[in-house]
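One structure below.
The values are calculated or read from the model by the stated rules, or taken from the named source; none is laboratory data. Just so it is clear, the structure is predicted and the values come from calculations on it, not from any experiment. In this analysis, Cβ positions are derived from the backbone assuming ideal geometry, glycine residues included, and neighbour counts consider all displayed protein chains. Just so you know, the surface numbers come from the protein's heavy atoms only, side chains and all, with ligands and any DNA or RNA stripped out. Shrake-Rupley method; radii C 1.70, N 1.55, O 1.52, S 1.80 Å.
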Amino acid sequence: MIQINDHFLKLRASYLFADIARRVNDFTEANPGKEVIRLGIGDVTEPLPQACRDAMHAAVDELGERETFRGYGPEQGYPFLREAIARHEFQARGAEVRADEIFVSDGAKCDTGNIQELFATDIRVAIPDPVYPVYVDTNVMAGRTGPDRDGRFEGLVYLEATPGNGYVPELPSEAVDLIYLCFPNNPTGATATAKQLQAWVDYAREQSAIILFDAAYCAFIQNDDLPRSIYEIPGAREVAIEFRSFSKSAGFTGTRCAWTVVPSDLYASDGRGGRQSLHALWNRRHTTKFNGVSYPVQRAAAAVYTPEGQEQTQALVRFYMENARIIRDAVSDLGLSCVGGDNAPYIWIQAEGSSWDFFDRLLNEAGIVCTPGAGFGPCGEGHIRLSAFNSRDNVNKAVQRIRSALA
Ligand code: MLT
């Protein structure tokens, strides 16, 4: 019988959010008629901006005419979208990123999961704890770790984010080759200052390491002094790959459109004394394994950068950030310590007791779904995450219910 890739067997049986969905289904089956409010997975609730819908409709109509029909597009994305992203997201903020360094894709989850294919199996990988589980799980699948020992995989270097360091991990004390960073952070909502990011960039340059910078939530940054892109930091072009997404800021979680920046200045060793361009390798990978995001979706994404699109997406961000403020205020009023929710749509709360117990308590007593911090790693134990992605009515109802359950 053919043998499986048994690195998969090192993983927990199911992905964190699938696990939570199963528990919530069990609860709703056992409690029919009890309304559940989901502040667990960060999935948007508000409709697509009108500018995006109009652009998508027009693109569908183009596909309906022989003269304007299109088949396969460029795997890396259409120039109209790559150019708009480069101009608005990077060049407008003084960050040097060219359109041809942008790879449009169907999601930051897929890209942060797939990018590790570019690197050797025996590299040293540093991963924050708590962390978005995709970074860890994909390295486990690729055989870069030993077994799971009490929630930590042998062979990974864990970068602890704790109340003591404001949930911004310190530089590792040992040498590493690949570093995952996420700011604004999922799950903690913490942000990194330019000085903190500069320290990481300097470290990566000294160690000839590569930083994988997940900035999927950067549109939620309210404080103008905080960097949105790692390329705002001098020297980052030679050491960092950045991941971005339209999912949360423009409501594209179901529509699917994201991008990854792989600068042309980025090189890694081929192990034989030579150096290879990571841009060329990712282009090779992308063109082999991906056939591009659909034309109507790319047109919808490009509409984000029209004046109407900018206004509408900024309104969406403001809406979710007001939800975040409401949640954060309610939680603080209850005397619980929390971070996030000011420059990120997640509120990271120190729970009373274990995070799964607190998850059960909120579900059973308030009908609220949160994400237990332990699902993001051992340092997440004793915390829960609440997401600001929901309707205003649900958020208001949720905070009332949390107040009554925990008061
Ligand atoms: C989350 O809740 O952490 C996110 O929705 C996960 C994702 O974007 O894949």
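Quick notes
- Qualifying positions in region 186-199 - more than 16 Å from the ligand (Cβ to nearest atom) and open to solvent by less than 10 Å² (accessible area, probe 1.4 Å): ALA192, LEU197
- Test: residue in region 143-158 that is farther than 15 Å from LEU11 by Cβ, open to solvent by less than 50 Å² (accessible area, probe 1.4 Å) and hydrophobic (A, V, I, L, M, F, W, C): yes
- Unique match (being surrounded by fewer than 23 Cβ atoms within 10 Å (Cβ to Cβ) and more than 16 Å from the ligand (Cβ to nearest atom)) among PRO263, PRO227: PRO263
- Complete set of residues in region 45-61 that are open to solvent by less than 20 Å² (accessible area, probe 1.4 Å) and in a loop (DSSP other than H, G, I, E, B): PRO49
- Restricting attention to region 391-406, the residues that are open to solvent by 80 Å² or more (accessible area, probe 1.4 Å) and not basic (Lys, Arg) add up to 3.
- Verdict on THR193 being touching a Gly at 6+ places or on another chain (Cβ under 7 Å), at pLDDT 95 or above, under 25 Å from ASN343 (Cβ atoms) and among the β-branched types (Val, Ile, Thr): no
- Those helices (runs of 4 or more DSSP H) of region 270-362 in which 1 or more residues are without any contact (Cβ under 8 Å) to a residue 12 or more places away in the chain, away from the ligand (no atom under 16 Å from the Cβ) and open to solvent by 40 Å² or more (accessible area, probe 1.4 Å) occupy 278-289, 307-333, 355-361.
- For GLY77, the criteria (1) assigned to a loop (DSSP other than H, G, I, E, B); (2) free of Cβ contacts under 8 Å to residues at least 24 places away in the same chain; (3) assigned by TED's automatic domain parsing to the domain that holds ASP265 hold in every case but one, which is (2).
- Among (1) away from the ligand (no atom under 16 Å from the Cβ); (2) closer than 26 Å to ARG328 by Cβ; (3) touching a residue at least 12 places away in the same chain (Cβ under 8 Å), the one test that PHE220 misses: (1)
- Residue that is of a type in the set (A, V, I, L, M, F, W, C), outside any loop (DSSP other than H, G, I, E, B), touching a residue at least 12 places away in the same chain (Cβ under 8 Å) and within 30 Å of VAL399 (Cβ to Cβ), where the choices are PHE8, PHE17, PHE103: PHE17
- Of all the criteria given as (1) more than 18 Å from VAL262 (Cα to Cα); (2) within 16 Å of the ligand (Cβ to nearest atom), the one not satisfied by ARG149 is (2).
- Subset of region 109-127 [within 14 Å of the ligand (Cβ to nearest atom) and open to solvent by 10 Å² or more (accessible area, probe 1.4 Å)]: LYS109, CYS110, ASN114
- Scanning region 38-56 for residues that are out of contact with any strand residue (DSSP E or B) (no Cβ under 6 Å at 6 or more places or on another chain) and either free of Cβ contacts under 8 Å to residues at least 60 places away in the same chain or of a type in the set (Gly, Ala, Ser) (or both) yields ALA51, ALA55.
- Qualifying positions in region 218-242 - in a helix (DSSP H, G or I) and either within 16 Å of GLU206 (Cβ to Cβ) or among the basic types (Lys, Arg) (or both): ALA236, ARG237, GLU238
- Within this structure, GLY367 fails the test of being under 16 Å from ALA21 (Cα atoms) and within 16 Å of the ligand (Cβ to nearest atom).
- Selection of region 23-44 for residues being assigned to a helix (DSSP H, G or I), away from the ligand (no atom under 16 Å from the Cβ) and open to solvent by 50 Å² or more (accessible area, probe 1.4 Å) yields ASN25, ASP26, GLU29, ALA30.
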